[in-house]
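Presented below is the structure to which this report refers.
The values are calculated or read from the model by the stated rules, or taken from the named source; none is laboratory data. All values derive from a computational prediction rather than experimental measurement. Ideal geometry is used to build each Cβ from the backbone, glycine not excepted, and the neighbour counts take in all protein chains shown. Each accessible area value is taken on the protein alone, full model and side chains, heavy atoms only, with ligands, DNA and RNA left out. Shrake-Rupley method; radii C 1.70, N 1.55, O 1.52, S 1.80 Å.
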Amino acid sequence: MRDEERRGGKLKVFLGFAPGVGKTYRMLQVAAAQQAQGVDVLVGVVETHARAETAALLTGLDVLPRRAVEYRGHTLEELDLDAALARKPQLILIDELAHSNVEGSRHGKRYQDVLDLLAEGIDVYTTVNVQHIESLNDVVAQITHVQVRETVPDTVLERADELELVDISPEQLLARLQEGKVYLPEQASRAVSHFFQRGNLLALRELALRRAAKHVDTDVQAYRKSHGVQSTWAVGERVLVSVGPSPASARLVRAGKRMASGLDAPWVAAYVEATQRPLREADRARLESNLQLAESLGATVVRLSGHDVAGPLLAYARLNNVTRVIVGKPTHARLLDRVRGSLLDDVVRASGDIDVHVISGSGERAPEVERKTSTPRERAPYLYATLLVALTSALGTLLRVELNLPDAEMLYLLAVMLAAFVWHRNAALWTATLSVVAYDFFFVPPYFTLAVRDGRYGLTFVMLFAVGTAISALATRLRRQEQDAVAREARTGALYSLSRSLGAVLQPEPAAEVVARHAADAFRAGAVVLLPGPEGLAPVASYPADLQLGPTERGVAKWTFEHARMAGLGTDTLPGSEAVCAPLRVGTEPLGVLALVPRDARTLNTDERSFYDALCNQAAFAFERARLADQARLAALRARSEELRNTLLSAVSHDLRTPLASITGAATTLRDAPQLSERDELLQTIVDEAERLERLVSNLLDMTRLQAGGMQPKRELVPVDELIGAALTRMERTLGARPIELDLESDLTVSVDPVLMQQVFVNLFENAAKYTPPNSPLELRARRDDQSVIIELIDQGPGLGSEPDRMFEKFHRAAPANTSGAGLGLAIARGIAEAHNATLTATNRPNGGALFTLRI
């Protein structure tokens, strides 16, 4: 188990390279041995494929009955997950991990059933072929020309506590195939001519062996880490190349690539930044070039830091089980090794079990450095240091005269420390040199000469210079560490700020604006975010807002999106561009591109490129979250639409069928008995039911228009009494003998669509007719209130219940339940009112009945 704290059952996977290698057979053998040791074993699903040898191994094992599922007229059998969880054995056997469950099962994939079982603490044995591993799907398709549809995520195999490779030679498998032990004879002949070709089987076998080796390697690394193993275990080759600013490092990188390819081993290019030796700009540029070369050749680039080079390099090698280290042959004078130490000697002596390869860098020369005169800004620290020594000498002379100062060299040490912390190392060394000379001139007899009569002062000179040099080195190291810490803090803060800003953004366009702004601030450059759209990749946000990409830069962004690789300025692809583009991707799927336009065409170094990748990953997750949020909204909309459709069908099926049945019955009677005395009554029934059907269909159409936003009022100035009078005329038959009490102020006019607003009153009158007694009076009032016209309809019915506002919900109908209609009338009335920027509300009256208020 690679994670000792992980809870749940243990997973063991039997891996094969093709069907018929014996995975199920081996799984049953191991399960039988477990049962013999007292383990409670249950067979969940085992596919014997009519192989007698495999079926015989099931004897004596407890087999779980499968669940029968009806699918398209056939009865299929699947794992009964609920029964397995209820039975809860110690160990369960689940064959064919990549199997897709029948529609209607709890999970779509069998591996999801396995995860449920593991979560309940049940150990699982399962089988899978290498062609079903998700990350190898395209590789298998390229080899076999067969696209495997059923796959298992790599994370499931990584979850496995144990992986056992079930392996036979391709010749043995082909022999089994011909003997009919894998497929029936007809199927076997087709398989041999397609999937089961010897070349295919050899390639699949290599993939399976590599996958098993990778799993074992991960286990080895986990064990070494958990047990603190420092020595190298040469179970597999790993190559590490020491890369530096020297031009010879390019040769080391290429040699490392050749060695790793020959050994078929992973390799790492490592640079150790020694804190006491800061790099010049030219050296740093060559270093970045060497590291980019290593990265382009497939190396993993790591940056280390330490007081020296050998220590961090070998510590990393031991921690990662490196077996071979490549360093360059020294080309400098031997005297330098005696002064500052030899990297090669340090690495060889401390390497232990690690092999050290020394590669010559001959033929690689550093470019000639153009001599140039120093600028005043570059000369300033030395001038200030000279002035500092002069002031120190003056102060020391004054103190010697006034206070008889015995140790003036302490003042010069203070000056060296001050120079080291304020300026740079070379300025501190210049200060130390001048301090020795000034101390000899001013404070060593004979005074005001450089002669030294007492030889004991020689040690003082040496110590003063040595201490000054050590102080300058320590100050330089502290400054470098401070700069690195500040840079790391700035990058971490930038990522945190970006993450916090993106946390509440769920739309692509606002997220793109946030990403562009933070990227521009982090790199002090212009930034553009490009996302795919209907017309291809297009900019959606930029910072500054007026920043535009040229045709060349757009071409670079398009190439980056299509190939999911960084391109543009400072890269190997289209380096002439003014922008550097990086893909925004989650997994292998590109979601967009982030383009940076650095100031003064400055290329990004390796550290900045790593930070660029991290920022792009953070942004990609935000866009993926936005996309998933859109998908969730669409899924919810589809669910609501489906619910609306089902509700609509259930609500209107009866109301549509009833008038149609009445119309059909009356028309059939008239056809069969044309001289019937009830002829006029039947004709009236047909007319009434047709009108009722027409109202129902009109309501459905109106509701569709309202939901689609297609109902736009055509306003005109209309008297209120004309609107109400027209609606009462249309509803005269429906309202019957109900007394109508009108209380309308004179000269009331409203700016509305007369046809639509008349429909509001029609729906209100129809609702009142349905839910009030036949002789119950209706009161209709209209008055002006400030800038609004208020129209009230009062009935004497049963009221609106405890939630009056629910009357305006679609398909909601109040008691009595036997009233006709689909429950759309009031919903349509409110929708029309809202289209006019009006409000329609309903309340219960204190003395009974309902009050509908329309405010226009």
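Looking at this structure, is residue 818 surrounded by fewer than 14 Cβ atoms within 10 Å (Cβ to Cβ), modelled with pLDDT under 80 and either over 18 Å from residue 727 (Cα atoms) or not aliphatic (A, V, I, L, M) (or both)? It is true that residue 818 is surrounded by fewer than 14 Cβ atoms within 10 Å (Cβ to Cβ), modelled with pLDDT under 80 and either over 18 Å from residue 727 (Cα atoms) or not aliphatic (A, V, I, L, M) (or both).
Within segment 169-203, the residues that satisfy the criterion of being surrounded by 15 or more Cβ atoms within 10 Å (Cβ to Cβ) and either modelled with pLDDT under 65 or touching a strand residue (DSSP E or B) at 6+ places or on another chain (Cβ under 9 Å) (or both) are 183, 188, 191, 192. Note on segment 606-631: residues that are of a type in the set (Gly, Ala, Ser) and open to solvent by 60 Å² or more (accessible area, probe 1.4 Å) total 1. Tell me, which residue of segment 593-609 that is touching a strand residue (DSSP E or B) at 6+ places or on another chain (Cβ under 8 Å) and assigned to a helix (DSSP H, G or I) is nearest to residue 514 (Cα to Cα)? Filtering segment 593-609 for residues that are touching a strand residue (DSSP E or B) at 6+ places or on another chain (Cβ under 8 Å) and assigned to a helix (DSSP H, G or I), the one nearest to residue 514 (Cα to Cα) comes out as 599.
What are the residues in segment 467-519 that are open to solvent by 60 Å² or more (accessible area, probe 1.4 Å) and under 30 Å from residue 415 (Cβ atoms), if any? Scanning segment 467-519 gives 474, 478, 481, 482, 483, 486. Among the residues of segment 564-605, the ones that are within 19 Å of residue 303 (Cβ to Cβ) and open to solvent by 50 Å² or more (accessible area, probe 1.4 Å) come to 1 in all. When you check residue 448 against the structure, is it open to solvent by 50 Å² or more (accessible area, probe 1.4 Å), hydrophobic (A, V, I, L, M, F, W, C) and without any contact (Cβ under 8 Å) to a residue 60 or more places away in the chain, yes or no? In short, yes.
For residue 402, indicate whether it is buried (at least 17 other Cβ atoms within 10 Å of the Cβ), modelled with pLDDT under 75 and not β-branched (Val, Ile, Thr). No; evaluated as a whole, the condition is false for this residue. The C-beta contact set for segment 12-28 (first residue free of Cβ contacts under 8 Å to residues at least 24 places away in the same chain, second residue open to solvent by less than 10 Å² (accessible area, probe 1.4 Å) and in a helix (DSSP H, G or I), distance under 7 angstrom, 6+ apart or interchain) is empty. Screening residue 732 against (1) touching a Leu at 6+ places or on another chain (Cβ under 9 Å); (2) free of Cβ contacts under 8 Å to residues at least 24 places away in the same chain leaves a single unmet condition, (1). Considering only residues in segment 319-356 that are part of a helix (DSSP H, G or I) and buried (at least 19 other Cβ atoms within 10 Å of the Cβ), the one that is modelled with the lowest pLDDT turns out to be 343.
Conditions tested, residue by residue: (1) part of a helix (DSSP H, G or I); (2) touching a Lys or Arg at 6+ places or on another chain (Cβ under 6 Å).
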{"residue": "520", "(1), (2)": "yes, no"}
{"residue": "526", "(1), (2)": "no, no"}
{"residue": "530", "(1), (2)": "no, no"}
{"residue": "537", "(1), (2)": "no, yes"}
{"residue": "542", "(1), (2)": "no, no"}
{"residue": "545", "(1), (2)": "no, no"}
{"residue": "548", "(1), (2)": "no, no"}
{"residue": "556", "(1), (2)": "yes, no"}
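The listed residues are 387, 313, and the only one of them that is modelled with pLDDT of 85 or more and open to solvent by 80 Å² or more (accessible area, probe 1.4 Å) turns out to be 387. Here is the figure for segment 655-681: residues that are modelled with pLDDT under 75 and closer than 15 Å to residue 694 by Cβ total 4. Listed here are the strands (runs of 3 or more DSSP E) enclosed by segment 1-107 that have at least 1 residues being of a type in the set (A, V, I, L, M) and open to solvent by 40 Å² or more (accessible area, probe 1.4 Å): 67-71, 74-78.
Note on segment 219-233: among residues that are in a loop (DSSP other than H, G, I, E, B) and among the β-branched types (Val, Ile, Thr), the one that is modelled with the lowest pLDDT is 232. Of the residues examined, residue 434 is not one that is over 51 Å from the mean Cα position of the chain (by Cα), surrounded by 13 or more Cβ atoms within 10 Å (Cβ to Cβ) and at pLDDT below 80.
Residues are listed down the side, and each one gets a yes or a no for (1) touching a Ser or Thr at 6+ places or on another chain (Cβ under 9 Å); (2) of a type in the set (A, V, I, L, M):
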site	(1), (2)
41	no, yes
46	yes, yes
49	yes, no
60	no, no
65	no, no
76	no, yes
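Look at (1) more than 30 Å from residue 689 (Cβ to Cβ); (2) touching a helix residue (DSSP H, G or I) at 6+ places or on another chain (Cβ under 8 Å) and you find that residue 781 fails only one, number (2). Taking the criterion of being open to solvent by less than 10 Å² (accessible area, probe 1.4 Å) and more than 14 Å from residue 851 (Cα to Cα), the residues of segment 751-775 that qualify are 752, 757, 760, 762, 763.
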